[in-house]
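*Asks:* Pasting in a structure now, in structure tokens, and then I'll have a few things to ask.
The values are calculated or read from the model by the stated rules, or taken from the named source; none is laboratory data. Nothing here was measured: the structure is a model prediction, and the numbers come from that model. So basically every Cβ, Gly included, is an ideal-geometry build from the backbone, and we count neighbours across all protein chains shown. What goes into the accessible areas is simple: the full protein's heavy atoms, side chains included, and nothing from ligands, DNA or RNA. Shrake-Rupley method; radii C 1.70, N 1.55, O 1.52, S 1.80 Å.
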Amino acid sequence: MVEKLSKIWMDGKLIPWEEANVHILTHSLHYGIAVFEGIRCYLCKDGKSAVFRLREHVDRLFDSAQIADIKIPYPNREIAEACKETLRVNQLKQGYIRPIVFIGEGVMGVYPGENPIRVGIIAWSWGAYLGDEALEKGIRVKVSSYNRHHVNVMMTKAKICGNYVNSVLAKREVMRMGYDEALMLDTEGYVSEASGENIFMVKNGILKTTPLTSILPGITRDSVIQIAKAKRIIMLEERFTRDELYTAQEAFFTGTAAELTPIREVDDRIIGDGKPGPVTRELQAAFFDIVKGKNSEYREWLDYL
Ligand code: PMP
């Protein structure tokens, strides 16, 4: 359960948590066209709080809106500032921020006409998305029977709310079978992404991740690529198949919520020796050092409150 805080930013104002409600005729509720972001703020070693790659997240929100043909009625910098203000007013030193842009009430039917574009920003406390043990020991993954979106059916580069029907179906399917996370293949049969994460694999010292073709351009994915390059780890953005993944020595997911979560099994095949491998551990440790302000080389990724 999301623990209730004091205020939510709605349409330009901070209002009491309980009052941040929408009408049943909200267009987005019926047709799924809305865009959102997921951002984390970390308590850093100096006791200050910093939002991780806030600018990139807000830019992606605007990209998602552009793709979804929604015009956000606030400038980019106002949304960024509102994200920080929502954390401050709720006295949240560490947590998750969820901006959402949606189409309000007015006309009904698929064509949204001139219905108002509304924006909400909610912040709450959120620990490890897949659990602390997942970060430590890795998770069990199953390839879902649902494919990830075809690039000309849904807009895969955008965080459009409706896109997540596919994620929820896949996640429920595999959780019911006792796995922790669903991996999806693209419509050509190649590994694509998970319900809310991008994927990496390691084989013979080479780190590989899927190209951006049919996936969400993850900001954690981009961070890991940059960290790996700085560490001179050989890194490829190249398509791979599920059987190539079965024979990986290491694999992990990246995402704002999931952070860097090791994968210990895929479709009941143990990956490596069933424990997070050395490359995964090194990248995970580097990632957590960076987000917690322990590595000054990546200072520009942190936006202090
Ligand atoms: N793919 C999907 C489908 C996602 O929902 C997410 C989470 N936003 C990601 C990948 C990872 O993106 P990021 O690292 O920017 O959170």
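*Asks:* Only helical DSSP H runs with n ≥ 4 go in: add -39500 (n - 2.57) per run for the chain, normalise by residue count and round the 222 nm mean residue ellipticity to 500 deg cm²/dmol. Numbers along the way, then the final one.
*Replies:* On the way: 8 runs with 84 residues, N = 305.
-8000 deg cm²/dmol, from helical runs alone.
*Asks:* Can you give me the Kirkwood hydrodynamic radius for region 190-305, using every pair of distinct Cα atoms, in Å to one decimal?
*Replies:* Details: mean 1/r = 0.0694 Å⁻¹.
Averaging 1/r across every pair of different Cα atoms and inverting gives 14.4 Å.
*Asks:* For region 7-124, report the accessible area per residue in Å² (1.4 Å probe, heavy atoms, rounded to an integer).
*Replies:* With the other protein chains kept in place, region 7-124 gives 47 Å² per residue.
*Asks:* Can you give me the solvent accessible area of Ile100 with a 1.4 Å probe, rounded to the nearest 10 Å²?
*Replies:* Result for Ile100: roughly 50 Å² accessible.
*Asks:* Taking the Cα centroid of region 72-116 and of region 236-305, what is the distance between the two, rounded to the nearest whole Å?
*Replies:* Measuring centre to centre over Cα atoms gives 30 Å.
*Asks:* Name the residue, out of Tyr111, Tyr246, Tyr190, whose mean-square fluctuation peaks in a Gaussian network model built on the chain with Cα pairs under 10 Å.
*Replies:* In this elastic network of the chain, the residue with the biggest mean-square fluctuation among Tyr111, Tyr246, Tyr190 is Tyr111.
*Asks:* Ok, one more. Hey, can you grab everything whose amide H is under 5 Å from the amide H of Val143? Only 5+ residues off in sequence or another chain; H modelled, so Pro and N-termini drop out.
*Replies:* So Val143 has HN proximity to Leu183, Asp267.
*Asks:* Report the convex hull volume per residue for region 7-124, counting only C-alpha atoms, in Å³.
*Replies:* Details: hull volume 10.8 nm³, N = 118.
In region 7-124, the Cα hull volume divided by residue count equals 91 Å³.
*Asks:* A follow-up question, please. Could you tell me what percent of the accessible area of region 132-291 is made up of carbon and sulfur, with a 1.4 Å probe and every protein chain present?
*Replies:* The C+S portion of the solvent-accessible surface of region 132-291 is 51 percent.
*Asks:* Determine the gain in length on full extension of the stretch Glu19-Val107; use 0.36 nm per residue of separation and subtract their C-alpha separation, reporting nm with one decimal.
*Replies:* Details: separation 88, 0.36 × 88 = 31.68 nm, distance 2.34 nm.
Going from the current span to full extension adds 29.3 nm.
*Asks:* Something else about it: Quick one: if the Förster radius is 30 Å, what FRET efficiency do Thr247 and Thr213 give, using the C-beta to C-beta distance and rounding to 0.05?
*Replies:* So, using R0 = 30 Å, E works out to roughly 0.85.
*Asks:* Keeping the other protein chains in place, figure out the carbon and sulfur percent of the accessible area of region 7-124, with a 1.4 Å probe.
*Replies:* The computed percentage sits at 54.
*Asks:* Order the following by accessible area, largest value first: Val202, Val110. Probe radius 1.4 Å; ligands, DNA and RNA are ignored.
*Replies:* Most to least solvent-accessible, the answer reads Val110, Val202.
*Asks:* I'd like the orientation of helix 54-68 relative to the chain: the angle between its Cα long axis and the longest Cα principal axis, in ° from 0 to 90, rounded to 10.
*Replies:* Taking the Cα atoms of the chain, the angle to 54-68 is about 70 degrees.
*Asks:* Identify all lysines with a Cα-Cα distance to Lys171 below 16 Å; exclude those on the same chain that are fewer than 8 residues away in sequence.
*Replies:* Lys142
*Asks:* Which length gain, in nm to one decimal place, applies between Lys45 and Met1 when the Cα-Cα distance is subtracted from 0.36 nm times their residue separation?
*Replies:* Stretched out fully, the Lys45 to Met1 stretch lengthens by 13.1 nm.
*Asks:* Given Lys159/Lys208; Lys137/Lys294; Lys71/Lys292; Lys229/Lys292, which pairs have Cα atoms separated by over 32 Å?
*Replies:* Values: Lys159/Lys208 23 Å; Lys137/Lys294 23 Å; Lys71/Lys292 34 Å; Lys229/Lys292 20 Å.
In this structure, Lys71/Lys292 exceed 32 Å between Cα atoms.
*Asks:* Once the dipole of the chain is set up with Lys and Arg at +1 and Asp and Glu at -1 on Cβ about the Cα centre, which of Gly274, His57, Ala285 lies farthest towards its positive end?
*Replies:* Projecting each Cα onto the dipole axis, the largest value belongs to Ala285.
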